[in-house]
Amino acid sequence: MRAGRCITAVADVQRIARSARVVAVLGIKPESKSDQPAFFVPQFLMSQGVRIIPVPTYYPDVTEILGQPVVRSLKEIRCDVDILDVFRPPSALPGHMEEILALRPACVWLQVGIRHEEFESELMSHGIDVVVDKCLKVELQHASRL
């Protein structure tokens, strides 16, 4: 198994953003929170033809987000995931490690403001690439302009 990498080069970050077809969104928020990045980022991705798998960590009464059925655990996902887009505080990340390793996404994308060096290192040691502290929406917008 190859070691995962921390992706920092702009061209590589944008290539990953542009090539994603299936994105699971851990910590997505429902339409009632449409002014927050954890909703409008995946909404934008969907508008660009990306399949979104919503994985909220709250909102127990919500069964659908962006017209897609809610998945309550990463273990419930039964397809390949190009990017796991994470909207969770750094302190919550280690609690998701087991499920993330079972899912084996090609890339874990930690949104703006999210950093956790031990978590990132653990993912990379299992062959998962990591993008940190970047907005997937912004990077896809920049990549689309090229």
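The values are calculated or read from the model by the stated rules, or taken from the named source; none is laboratory data. Bear in mind that the values here come from a model prediction, so they are computed numbers and not experimental data. Cβ atoms come from the backbone with ideal geometry, glycine included; neighbour counts cover every protein chain shown. These accessible areas exclude ligands, DNA and RNA; they are computed on the full protein's heavy atoms, side chains included. Shrake-Rupley method; radii C 1.70, N 1.55, O 1.52, S 1.80 Å.
Key figures for this structure:
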read-out	value
Count of the stretch 123-140 residues which are outside any loop (DSSP other than H, G, I, E, B) and either closer than 12 Å to V13 by Cα or of a type in the set (F, W, Y) (or both)	8
Count - residues of the stretch 38-64 that are in contact (Cβ under 8 Å) with a residue 40 or more places away in the chain, out of contact with any helix residue (DSSP H, G or I) (no Cβ under 8 Å at 6 or more places or on another chain) and of a type outside the set (A, V, I, L, M, F, W, C)	1
Subset of the stretch 33-60 that is over 17 Å from W109 (Cβ atoms) and hydroxyl-bearing (S, T, Y) - its residue that is surrounded by the most Cβ atoms within 10 Å (Cβ to Cβ)	Y59
Number of positions in the stretch 80-94 that are open to solvent by 20 Å² or more (accessible area, probe 1.4 Å) and acidic (D, E)	2
Residues within the stretch 117-143 that are open to solvent by 50 Å² or more (accessible area, probe 1.4 Å) and acidic (D, E), tallied	4
Any hit, the stretch 91-103, residues being outside any helix (DSSP H, G or I) and closer than 22 Å to P56 by Cβ	no
Members of the stretch 61-79 found to be loosely packed, with under 15 Cβ neighbours inside 10 Å and under 24 Å from I114 (Cα atoms), listed by number	R72, S73, K75
